[in-house]
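Below is one structure, written out as structure tokens, with a few remarks after it.
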Amino acid sequence: MTEAVKLDKGREAAFKKKLMDKLPNGVNLNMCLTCGVCASGCPATGLRDMDPRKFVRMVALGMDEELNKHPWVWLCSQCQRCVYVCPMNIDIAAMVFEARSSWPREERPSGILGSCDMALRNGSGSAMGISEEDFEWVVGDILDEVHEDQPGWEDLKAPVNKKGAHFFVSQNSREPGVEPEEMIPLWKILHIVGADWTYGTRGWGGENYCMFLADDENWEKVARNSIESAMELGCKVYLNTECGHSTYSIWKGQQRYNIETDLEIAPMVQYYAKWIREGKLKPNSDWNKDLKIKFTCQDPCQQVRKSFGDPLADDLRFVIKTCVGEENFIDMVPNHSNNFCCGGGGGYLQSGYNEERLKYGEIKKDQILATGADYCVTPCHNCHDQIHKLADHYECKYHTIHLWTLIALALGVLGETERIYLGPDLVEVNLPESQE
């Protein structure tokens, strides 16, 4: 039997007052119907005996002492599915952000804190602390390897600090840091479409853990550094890598901190679809006619529900179906903006709450298994990492791949060294002629 909580009617609801004063319309906190829709659709419900409805009611009732330091604010991924389904549009994710910010900075999860501080070490913005010089060296080294080992790609370029390029391309630190061969398929795609693009040594890092840390000052600093780098190079489009939170941190950061720019801030998926529709990119699904390998996809919360909406989800499916054949795509249920978060967002992967993160991800694991798909396409690094880890933990047989991997496979340009996430069923399929 649950013990009743006695409320001190004289206590000051300081956190509630902060929300009401600081956030637009007080995040509609007083509109809560206690209907529980938020909790029923939240993968974090029940973790550490907390759920979104309980969290909102405790805030509304001024239970600051009980909420103070409660770890649930780090177990919520701020995916905004609760906001999406709430009939009163109560912004619980914004409340969680403010609750995170109330923790003394040094007491916030050390993994998220460390990644934020790493991004501040130098101008690169890399959460792994990779410097401008090291990034440029890795890009050049991998490019040289392609020129030497892959006939037909001697003209492939990966420009750095190219003045006047149309696209400024960000890159998640995971690739240059530990998986540099994963950059190559993207370079090939950009080469095939004739994109005029560049990296910038300053601000190339496509991640922002200061956002997850609820560190407003440094979220702005990292975002501004990257946007201003693109502007100084004279670029027209800030093209985000396949990384959901990188996309959101720049897109939302520009608005949140009133960063003046004429740049178009765009997700990579949107341009993949555009180039296919324009005939610049011509992936072919013939390789899968007889194999009939099945694919599903994850809708990254940061890119779909929180920013670019269902049109981006439609673009994602269009690209995948073009690559694998419409009959070989099986959607998760629910999907698009109503899809469930996988548990990779919100800094979860570096929060230290690994047991809770894997429990959170059970819904996603079950969604993927229900499709019967052999592969889950994840155009987001944190989704990729989490869904891959879920497969390992729960001993599932599906594989997890980036979208650029699938596109390059369907184009027939995916090299042998660029197939680390493919299973044995695809590791030798549609290889470039020079590597067959």
Residue by residue through the stretch 175-204, note down the ones that are in contact with a Cys (Cβ under 9 Å, 6 or more places away or on another chain) and farther than 16 Å from Leu239 by Cα. none
Within the stretch 322-331, is there a residue that is under 24 Å from Arg81 (Cα atoms) and buried (at least 24 other Cβ atoms within 10 Å of the Cβ)? no
Just to be sure I understand, how many residues within the stretch 16-56 are more than 29 Å from the chain's Cα centre (by Cα) and loosely packed, with under 14 Cβ neighbours inside 10 Å? 7
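Quick grid of which residues meet (1) modelled with pLDDT of 95 or more; (2) under 30 Å from Pro71 (Cα atoms):
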site	(1), (2)
Gly206	no, yes
Met211	yes, yes
Ala214	yes, yes
Val222	yes, yes
Lys236	yes, no
Arg256	yes, yes
Trp275	yes, no
Lys280	yes, no
Asp290	yes, no
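Quickly run through the stretch 175-196 and pick out the residues that are open to solvent by 40 Å² or more (accessible area, probe 1.4 Å) and closer than 23 Å to Tyr421 by Cβ.
Val178, Glu181, His191, Ile192
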Only one residue in Val319, Val333 is in a helix (DSSP H, G or I), at pLDDT 95 or above and of a type in the set (Val, Ile, Thr), so which one is that? Val319
Considering only residues that are under 19 Å from Arg81 (Cα atoms), of a type outside the set (Asp, Glu) and assigned to a helix (DSSP H, G or I), which ones fall in the stretch 350-383? Arg357, Leu358, Lys359, Tyr360, Ile363, Lys364, Lys365, Gln367, Ile368, Asn382, Cys383
Name the single residue that is modelled with the highest pLDDT among those in the stretch 35-88 being hydroxyl-bearing (Ser, Thr, Tyr) and farther than 20 Å from Gly244 by Cβ. Thr45
Residues of the stretch 238-261 being over 16 Å from Gly205 (Cα atoms), outside any helix (DSSP H, G or I) and touching a residue at least 24 places away in the same chain (Cβ under 8 Å), which ones? Tyr257, Ile259, Thr261
Kindly list, by first and then second residue, each pair from a residue in the stretch 387-400 that is touching a residue at least 24 places away in the same chain (Cβ under 8 Å) to a residue that is open to solvent by 70 Å² or more (accessible area, probe 1.4 Å), limited to pairs with Cβ atoms under 7 Å and residues at least 6 apart or on different chains. Cys396/Leu369
Are any of the residues in the stretch 173-191 within 16 Å of the chain's Cα centre (by Cα) and part of a loop (DSSP other than H, G, I, E, B)? yes
Selection within the stretch 293-312 - under 25 Å from Gly347 (Cβ atoms) and touching a Gly at 6+ places or on another chain (Cβ under 7 Å): Pro300, Cys301, Gln302, Gln303
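Does Asp374 satisfy the criteria of being on the phi < 0 side of the Ramachandran plot and touching an Asp or Glu at 6+ places or on another chain (Cβ under 8 Å)?
It is true that Asp374 is on the phi < 0 side of the Ramachandran plot and touching an Asp or Glu at 6+ places or on another chain (Cβ under 8 Å).
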Where Ala223 falls short, out of the listed (1) aliphatic (A, V, I, L, M); (2) within 20 Å of Tyr272 (Cα to Cα); (3) open to solvent by less than 10 Å² (accessible area, probe 1.4 Å): (2)
Taking the stretch 288-310, which residues are in contact (Cβ under 8 Å) with a residue 40 or more places away in the chain, over 17 Å from His384 (Cβ atoms) and under 17 Å from the mean Cα position of the chain (by Cα)? Arg305, Lys306, Ser307, Phe308
Is it the case that Ile142 is of a type in the set (Val, Ile, Thr), in contact (Cβ under 8 Å) with a residue 24 or more places away in the chain and crowded, with 22+ Cβ neighbours inside 10 Å? no
Considering only residues that are out of contact with any helix residue (DSSP H, G or I) (no Cβ under 9 Å at 6 or more places or on another chain) and assigned to a loop (DSSP other than H, G, I, E, B), look in the stretch 262-288 and name the one that is least open to solvent (accessible area, probe 1.4 Å). Gly279
Looking only at the stretch 44-67, count every residue that is in contact (Cβ under 8 Å) with a residue 24 or more places away in the chain, more than 19 Å from Leu19 (Cα to Cα) and part of a helix (DSSP H, G or I) and tell me the total. 2
Subset of the stretch 68-79 (residues that are closer than 19 Å to Leu19 by Cβ and either surrounded by fewer than 20 Cβ atoms within 10 Å (Cβ to Cβ) or β-branched (Val, Ile, Thr) (or both)): Asn68, Lys69, His70, Val73
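The values are calculated or read from the model by the stated rules, or taken from the named source; none is laboratory data. These figures come from a predicted structure and were not determined experimentally. Please note: Cβ atoms are built from the backbone with ideal geometry, for glycine as well, and neighbour counts cover all protein chains shown. To get the accessible areas, we keep the full protein, side chains included, count just its heavy atoms, and leave off ligands, DNA and RNA. Shrake-Rupley method; radii C 1.70, N 1.55, O 1.52, S 1.80 Å.
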